[in-house]
1. Which of rounded, prolate, oblate describes segment 3-65, given a ≥ b ≥ c as roots of the alpha-carbon gyration tensor eigenvalues and a/c under 1.5 marking rounded, otherwise prolate only if a/b is larger than b/c?
2. Using a Cα-Cα cut-off of under 20 Å, which lysines could be cross-linked to K123, ignoring same-chain neighbours fewer than 8 residues away?
3. With charges only on Cβ, +1 for K and R and -1 for D and E, what is the dipole size of the chain about its Cα centre, in debye, rounded to 20?
4. Taking the simple approach of a point 7 Å from Cα along Cα-to-Cβ for both K10 and D30, what is their distance in nm?
5. Which of the three applies to segment 70-158, rounded, prolate or oblate, going by the alpha-carbon gyration tensor with a ≥ b ≥ c and a/c under 1.5 meaning rounded?
6. I want to verify the translational diffusion coefficient of the chain in µm²/s; compute it with Stokes-Einstein, Rh as the Kirkwood radius over Cα pairs, at 10 °C and 1.306 mPa s.
7. 222 nm [θ] for the chain, helices only, -39500 (n - 2.57) per DSSP H run of 4+, per residue, to 500?
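Every read-out reported here was derived from the displayed coordinates using simple, explicitly stated rules and does not represent laboratory data. Given the structure is predicted, the values throughout are model-derived calculations rather than measurements. Please note: Cβ atoms are built from the backbone with ideal geometry, for glycine as well, and neighbour counts cover all protein chains shown.
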Amino acid sequence: MTVRAKTILKDKFWIVEDSGQRVGTISVSDDRFVLSTNGIAQFFDNKKQIEKTLGKTIFERDPKVKVQTEETKEIYGYPTATIPYNVMYDVKRKLPLFTKSRKSKSLYCAGYYVIKFDKGWVKSFCPKLVTLEKYEHVGPMKTEIEMRTELSNANKRSN
């Protein structure tokens, strides 16, 4: 059972959820907090009283604390453009793979790559797996500097 208050209007209105299901609301009226659940309104002087009544810490923390760090945007040591979901490693092709959401079926490859398209070699960051399956490529690389060096080398080889 996970009860939490999801902020809708900062310091004014929250939706109370229990395991993702809406069970009530909290609003501020005349400097008092109103907890409405099942058609019943309860009044409180502050957030701590509400949390004491519900027996848990339900209010979201300061948004500044939720800022994602670059550390969470990497898999197997390779950087990703977004927070990765459904992380896996393709051992055969040696590719770190992920999706951009839990339900997505599109696979992306973490890291930097150089890909040879019809017009020549181009740099790419977190390309789709289908792109790498279709075109010749070099990668993954962990840094942009490695990728630029490899792009320069690939262009020299092509000329």
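1. Taking the square roots of the gyration eigenvalues as a ≥ b ≥ c, segment 3-65 is rounded.
2. Result set, ordered by chain and number: K73, K94, K134, K142, K156.
3. 460
4. For K10 paired with D30, the spin-label model returns 2.8 nm.
5. Note, shape of segment 70-158 comes out prolate.
6. Diffusion coefficient, whole number: 82 µm²/s.
7. Mean residue ellipticity at 222 nm (helix-derived): -5500 deg cm²/dmol.
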